[in-house]
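Read the structure below first, then the notes.
The values are calculated or read from the model by the stated rules, or taken from the named source; none is laboratory data. Remember, predicted model here, so these are calculated numbers, not experimental data. Every residue, glycine as well, gets a Cβ built from its backbone with ideal geometry; the counts of neighbours run over all protein chains shown. Please note that ligands, DNA and RNA were not included when accessible areas were found on the heavy atoms of the full protein model with its side chains. Shrake-Rupley method; radii C 1.70, N 1.55, O 1.52, S 1.80 Å.
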Amino acid sequence: MGTPLSEEKSKTILFAAFILAAGFVLGTFFLGNQTKMIGSGRAAVLVKGLAEKPIKADCAEWSIWANAKGKTFAEALQNLRKEKAALDEFLEKQGFTAQARKDSDETVSPHYVQEERKDRMVQVQDGYEAGQTVTLTTRDIALIGKARAAALEYKASGADIGYDSPNYLVSNLEEIKMSLISAATENAYARAKEFIKHGDSQLGSMRSASQGAFYILPDGANSDTSDYGGVYDKTTVGKIARVVVTIEFNLK
C-alpha cells in the first residue's frame, strides 16, 4: 500500500486544483465563450460573434435659423421676416433649392433681461424676440461643408443667424445591418470551433441566436465601445458599422 498523504500535502493539492479551475472559468469568460449542459445532459457552447466594416454617410441634414428682436410683437415678427428673406437668398446662393429646404413655424416670445433692483436681481421684459429655422437635407455632402463655412462669414457681416453642426446620415442602415449579422454569425461559428478543438466534442447545430447592439461609430472609434442599445454617430462622414451576435451551438 502507498503511504497516505499528509494533511498539509492534501491541502496543497486541493488549493492547486481550485486555482486551475478558477483560471479556466475566467479564461472562458474573457473569451466570451461558455460551455454548459443543456436538456438531458447534452452540452452546448455559447459564443459571441463580431463583425464590422467601414462605411460613409450618403446624406446630410443641417439646421440654420434667423433671429430678430423688436420692441413690440409686430415689430419683432416684421424684422424676422426681413432676416428670413435674406437667409433664403443666402441659401439659394449656396446651391440649396426650395425642395432642399424645410421651414419651421415662426415663433415670437417675450425677451427678458436681468436688472438689479436694490438687493436682488429680477427679470424684466425688454421687447420681443422671434425666430425661424430652416432644415436643409441633401445628398451632396460637400455642399453642406461649403455652406457652413460661408455661414460664418455671413454671420460676421451682421446677419442675425445661428446654426448647428451638420448631421451626417446613412440611408441603407438595414442593408448594412443584415450583411454584418451574416458575417458576425460566421465569426461566432469560427470562435466556437476554436474553443472546442482541443476537446472530444464536435460542433453541432445552432440552438439559439440573438443580435446584440448595432453600432455606427465615428471613424477611428475605440474598439472597446459597448454602450447598451447601440450607438449612431452623426458627427462624421466616415464611420464604422459594427454588430455583435450571441449564438449557442449544440455539441455532439
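Within the accessible surface of the stretch 92-204, defined with a 1.4 Å probe on protein heavy atoms only, the carbon and sulfur portion equals 45 percent. Between Phe195, Asn167, Met178, the Cα set farthest toward the positive side of the dipole of the stretch 163-207 (charges on each charged residue's Cβ, about the Cα centre) is that of Phe195. Listed by chain and number, the lysines whose alpha-carbon sits under 24 Å from that of Lys252, ignoring those within fewer than 8 places in the same chain, are Lys36, Lys48, Lys193, Lys197.
Computed packing ranks the peptides 43-50, 65-72, 93-100 as 43-50, 65-72, 93-100, most packed first, by mean other Cβ atoms within 10 Å. For the listed peptides 124-136, 105-117, 169-181, 238-250, a ranking on the average number of other beta carbons within 10 Å per residue, highest first, reads 238-250, 124-136, 169-181, 105-117. For the stretch 132-230, applying the loop criterion from DSSP together with a ceiling of 14 other beta carbons within 10 Å to the chymotrypsin sites (Phe, Trp or Tyr not before Pro) yields Tyr228. In this calculation the C-beta distance from Ser205 to Arg139 is compared with R0 = 51 Å, giving a FRET efficiency of 0.70. Pairs from the table (Lys69/Lys118; Lys56/Lys155; Lys56/Lys102; Lys82/Lys155; Lys53/Lys239; Lys56/Lys177) lying more than 19 angstrom apart at Cα are Lys69/Lys118; Lys56/Lys155; Lys56/Lys102.
Rolling a 1.4 angstrom probe over the protein heavy atoms with all chains in place gives the stretch 127-218 an accessible area of 55 Å² per residue. Its relative contact order, with pairs defined as Cα atoms under 8 Å and 6+ residues apart, puts the stretch 40-169 at 40 percent.
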